[in-house]
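Worksheet for the structure shown next.
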Amino acid sequence: FFLVGAWWTGRGRAPIAPADWARILALAFVGYYVSSLANFLGLRHLSVGLERMILYTYPSLVMVGSALFLGQRLRPRAIAAMLVSYAGLGVGFLAEMRVDPGSRWLLGAGLVFASAVTYAVFTTGSGEMIRRLGPVRFMSWCVAASGIMVLLHFGFTHEVAALARLPGKAWTLGAIMATVATVLPSYLFGWGLQRAGATAASVIGMVGPVATFVLAWAVLGESIFVLQLSGLA
């Protein structure tokens, strides 16, 4: 999908400069490969609800990064909102400790927060590239490159023959995740980032943890407690 999108949007346009290729590869490595890997490793030790709460601290990290590196002013109301979100995260941690105090949730939380930091770097650094190359062309090459990195990672850490032993349901779910949960969101994110800017696009994305929290309860059967709801609110 992404290679076709990259070819389609590149027809009749100037070739991508070597410096831009270097930026694409760097953003692909940080924003999708490292971020996704850290997030999924963290999920082995955390509930989905808390994972979403931690991951979606990245809008505040984008705000700070935009202020430090892009010269955007950090408004007092934005700082207040950021503090409130981290207070809610603290309540979420408390809920997780009460539910499963013996788990390795601290390791999981650190990995997911690393995922949030790397995704914030990707979001902050993507704005200029999207303006120069266009959202579809940039996202196509960026996610295609990260996909190749994931395949190389798998080749170095697993037997390739293990793919053939996966059940049919895994392939079906993988295909759904690849199209509905990866291709569509990537392009929608690129278009939104082009129109709204990095900070606004990140803040709007805060609907994510709320939706995931509800789905984790409805689909995965995770328990919801008053403390968790308070932190999410």
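Tabulated values for the structure
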read-out	value
The lone exception for residue 71 - which of (1) assigned to a loop (DSSP other than H, G, I, E, B); (2) touching an Asp or Glu at 6+ places or on another chain (Cβ under 8 Å); (3) not charged (D, E, K, R) it fails	(2)
Test set (1) within 23 Å of the chain's Cα centre (by Cα); (2) modelled with pLDDT of 90 or more; (3) under 24 Å from residue 138 (Cα atoms) - residue 40 fails condition number	(3)
Among the candidates 160, 183, residue that is β-branched (Val, Ile, Thr) and open to solvent by less than 50 Å² (accessible area, probe 1.4 Å)	183
Pair list, Cβ under 7 Å, 6 or more apart: region 12-40 residue over 16 Å from residue 124 (Cα atoms) and hydroxyl-bearing (Ser, Thr, Tyr), other residue open to solvent by less than 50 Å² (accessible area, probe 1.4 Å) and part of a helix (DSSP H, G or I)	33/146; 33/149
Criterion violated by residue 45 - all others in (1) touching a residue at least 40 places away in the same chain (Cβ under 8 Å); (2) within 25 Å of residue 197 (Cα to Cα); (3) open to solvent by 20 Å² or more (accessible area, probe 1.4 Å); (4) not hydrophobic (A, V, I, L, M, F, W, C) satisfied	(2)
Positions within region 51-95 being crowded, with 21+ Cβ neighbours inside 10 Å and farther than 21 Å from residue 119 by Cβ, in sequence order	95
Residue match in region 17-30 (condition: modelled with pLDDT under 90 and either part of a helix (DSSP H, G or I) or surrounded by 15 or more Cβ atoms within 10 Å (Cβ to Cβ) (or both))	no
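The values are calculated or read from the model by the stated rules, or taken from the named source; none is laboratory data. The shown structure was predicted, so the numbers you read here are calculated from the model rather than taken from an experiment. Counting neighbours? That spans all protein chains shown, and the Cβs are built from the backbone with ideal geometry, glycine included. Just the protein is used for accessible areas: all its heavy atoms, side chains included, with ligands, DNA and RNA removed. Shrake-Rupley method; radii C 1.70, N 1.55, O 1.52, S 1.80 Å.
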